[in-house]
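Note sheet for the following structure.
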Amino acid sequence: MTLPQQPGPHARPPITAHPAAVRAGSTAQEFLAGIRMLLRGLGLYVSNPRLMAFGLIPAFISGLLYLAAFGTLFYFVSDISEWLTPFADTWDQGFQEIIRLAVAAAVLGLFVLVGMLTFTAITLLIGDPFYEKISEAVENRYGGVPDEVDLPWHRTMRLSLTDSIRLIGLTVLCGIPLFLLGFIPLIGQTVVPVIAALVGGWFLAIELTGFPFYRRGLRLADRRRVLRAHRPAALGFGVGVFICFLIPLGAILVTPAAVAGAALLSRRSLGFPIDHH
């Protein structure tokens, strides 16, 4: 099956399904398949520890910046909450504390949602050569990429930066209603985090699959279209990464594995083999 492309002098190559294309299972099976892609990425720490160790360096640098920003926000979140709720100044103290606690949680939640994608984008930019090698090594292990598009590093970095800015913008747009819903006591602390994990996981899956798609001459719109056709698997992978990033030091340790898992997810979604025969 070939997805139609718009004609033009600079048209990208069509997305053609590989003969080894997988048959989609149930939603639950596909979601679990996405989680397995991440677990297989983590397995590279055992099979190729030296390659994965290089991927820790840019993640560590970005992680320090992210932790410093989160720590600063956490320190001032009470003041921010009061500034956002001047209407509660005259309320009974009990209700005032409830609404301001909810607002503080919403502020921190929005930062985590947007911050995760920002962290990932910055880390991938800083460590572009390292993560490109990790992604390429995974692809070569299972047959490589026929007719690979060899782009210069500065071209890949520019494409990655442009696409990341777009994704961050979309994340902010999705995060605003979640931020507002976070003001609602109970719902903001139960339902909203689940939705945020799904939204954040989806955008993380799109962000992390950049390298394999660029290698095939495909752009952000192509990524979104292909992953949308395999949404449960993409969500399983992305939500798994999202949850790992919530664990202290998780973002630093998991990023190289997430890049490896994203290569597997991309191959599977595009119909290329991900197992040895």
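A few remarks follow.
- Within the set W83, W91, the sole residue that is within 21 Å of L186 (Cβ to Cβ) and aromatic (F, W, Y) turns out to be W91.
- All of R215, R224, R219 fail the test of being touching a helix residue (DSSP H, G or I) at 6+ places or on another chain (Cβ under 8 Å), surrounded by fewer than 24 Cβ atoms within 10 Å (Cβ to Cβ), touching a residue at least 12 places away in the same chain (Cβ under 8 Å) and over 19 Å from D147 (Cα atoms), apart from R224.
- For V194, the conditions (1) loosely packed, with under 14 Cβ neighbours inside 10 Å; (2) touching a Leu at 6+ places or on another chain (Cβ under 7 Å); (3) within 20 Å of F237 (Cα to Cα) all hold with the exception of (2).
- Qualifying residue in the range 49-60 (condition: assigned to a helix (DSSP H, G or I), modelled with pLDDT of 90 or more and surrounded by fewer than 12 Cβ atoms within 10 Å (Cβ to Cβ)): no
- Cβ-Cβ distances below 6 Å connect the following pairs, each with a first residue in the range 90-118 that is free of Cβ contacts under 8 Å to residues at least 40 places away in the same chain, a second residue that is part of a helix (DSSP H, G or I) and of a type outside the set (K, R), and a separation of six or more residues or different chains: Q96/A88; R100/S81; A104/V77; A104/S81.
- The condition of being on the phi < 0 side of the Ramachandran plot, assigned to a helix (DSSP H, G or I), surrounded by fewer than 17 Cβ atoms within 10 Å (Cβ to Cβ) and of a type in the set (A, V, I, L, M) holds for only one of L173, L264, that being L173.
- Tallying residues that are more than 30 Å from I187 (Cβ to Cβ) and not in a loop (DSSP other than H, G, I, E, B) within the range 103-162 yields 29.
- Among (1) modelled with pLDDT under 90; (2) in contact with a Pro (Cβ under 6 Å, 6 or more places away or on another chain); (3) part of a helix (DSSP H, G or I) - the single one A20 does not satisfy: (3)
The values are calculated or read from the model by the stated rules, or taken from the named source; none is laboratory data. Since the model is a prediction, treat every value here as computed from it, not as a measurement. Cβ coordinates were reconstructed from backbone atoms using ideal geometry, including for glycine residues, and neighbour counts include every protein chain displayed.
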